Amino acid sequence: MLTALLTISISACSQKKTETNMKQKVLVAYFSASGVTKGVAQQMAEVAGADLHEIKPEMPYTDADLDWQNKQSRSSIEMKDKSSRPAITDKLQNMQDYDVVYVGFPIWWYTCPTIINTFMEAYDFNGKTVIPFATSGGSSIKKACNDLRDTYPNVNWKEGKLLNHASKDDMKKWMESNQ
């Protein structure tokens, strides 16, 4: 009888955890300069049944702005200045509704673009779980994750992931591991 009671209790706790996770409201927010990160974010939102929000610069980036080989390009100048906060448009009015926020971006200069700082500072992430994801032509996400944790130590960060060529199944497994 004691074994049966223990089994029922464990089952109830397990079911409660599943119900709690199912009730979490999830947002996939992303910045994409070339469209690569946008494609990954759209797949993630679909896999997670999440809302999707594009982090849009007030002044869109041109190809010349993104020329990382030109030290005078807009992106080069922004990335040299740690205090740079490019203005964003289309601010979310309901951030308070979300429990989990995936934040996506391309890797620039081994870290996240400064517009991600603008996004992080535009909202209150207290009580939320924030999970970074990125795309990159050759860099890892490790430095970006460390920089975000160092800059925003009060945010409940989960481990980020580079998702260049991830399948929907890979995304689903990774997202489930962050619950």
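Within the listed set N154, N146, N117, the Gaussian network model of the chain (springs between alpha-carbon atoms below 10 Å) gives the highest mean-square fluctuation for N154. Taking the 1.4 Å solvent-accessible surface of the chain as the whole, the part contributed by carbon and sulfur is 51%.
Of the GluC sites (Glu not before Pro) found in segment 29-78, the ones in coil according to DSSP and having at most 15 other Cβ atoms within 10 Å of their Cβ are E58. P(r) tail, segment 114-179: Cα-Cα pairs separated by more than 13 Å, 67% of all pairs.
Taking the chain as a Gaussian network of alpha-carbon nodes connected by springs under 10 Å, the highest mean-square fluctuation of the residues M120, M79, M59 belongs to M59. A simple count of charges around L66, restricted to other residues whose Cβ falls under 11 Å of its Cβ and scoring Lys, Arg +1 and Asp, Glu -1, yields -3.
Here the scattering of segment 38-98 is modelled by Debye summation over its C-alpha atoms, one equal scatterer each and no solvent; at q = 0.12, 0.18, 0.19, 0.27 Å⁻¹ the log10 of I(q)/I(0) is -0.45, -0.83, -0.88, -1.09. A simple charge model with +1 on the Cβ of Lys and Arg, -1 on the Cβ of Asp and Glu and nothing else charged puts the dipole of segment 67-179 at about 300 debye relative to its Cα centre. Residues in segment 91-100 carry Karplus couplings, in order, of 5, 5, 9, 10, 4, 4, 6, 9, 9, 10 Hz; the curve used is 6.51 cos²θ - 1.76 cosθ + 1.60 with θ = phi - 60°, and Gly or Pro positions show x.
Placing +1 on the Cβ of every Lys and Arg and -1 on the Cβ of every Asp and Glu, with nothing else charged, gives segment 64-121 a dipole about its Cα centre of roughly 300 debye. Close amide H contacts of I88 (hydrogens built in the peptide plane, cut-off under 5 Å, sequence separation of 5 or more or a different chain): E58.
Placing unit charges on the Cβ atoms of the charged side chains and taking the dipole of the chain about its Cα centre, the candidate lying farthest along the positive direction among T111, N154, V101 is N154. Centroid-to-centroid, using Cα positions, segment 128-157 and segment 35-75 are 16 Å apart.
Panel note: the C-alpha atoms of segment 68-123, placed on their principal axes, show extents of 41, 19, 16 Å (largest first). The 3J(HN,Hα) values that the Karplus relation (6.51, -1.76, 1.60; θ = phi - 60°) gives for segment 164-169 are, in residue order, 3, 10, 6, 7, 4, 5 Hz. Gly and Pro appear as x.
Looking at the chain, the DSSP beta bridges with both ends there are about 15 percent antiparallel. Our coupling estimate for segment 170-179, obtained by passing each phi through the Karplus curve with A = 6.51, B = -1.76, C = 1.60 and θ = phi - 60°, is 4, 4, 4, 4, 5, 5, 5, 5, 8, 7 Hz, Gly and Pro reported as x. When the helices of the chain are scored as -39500 (n - 2.57) per DSSP H run of n ≥ 4 and the total is divided over every residue, the value at 222 nm lands at -12500 deg cm²/dmol.
The values are calculated or read from the model by the stated rules, or taken from the named source; none is laboratory data. Values in this document were obtained by computation on a predicted structure and should not be read as measured data. With ideal geometry, Cβ positions are generated from the backbone for all residues, glycine too; neighbour counts draw on all protein chains shown. Note: areas computed on protein heavy atoms with side chains; ligands, DNA, RNA excluded. Shrake-Rupley method; radii C 1.70, N 1.55, O 1.52, S 1.80 Å.
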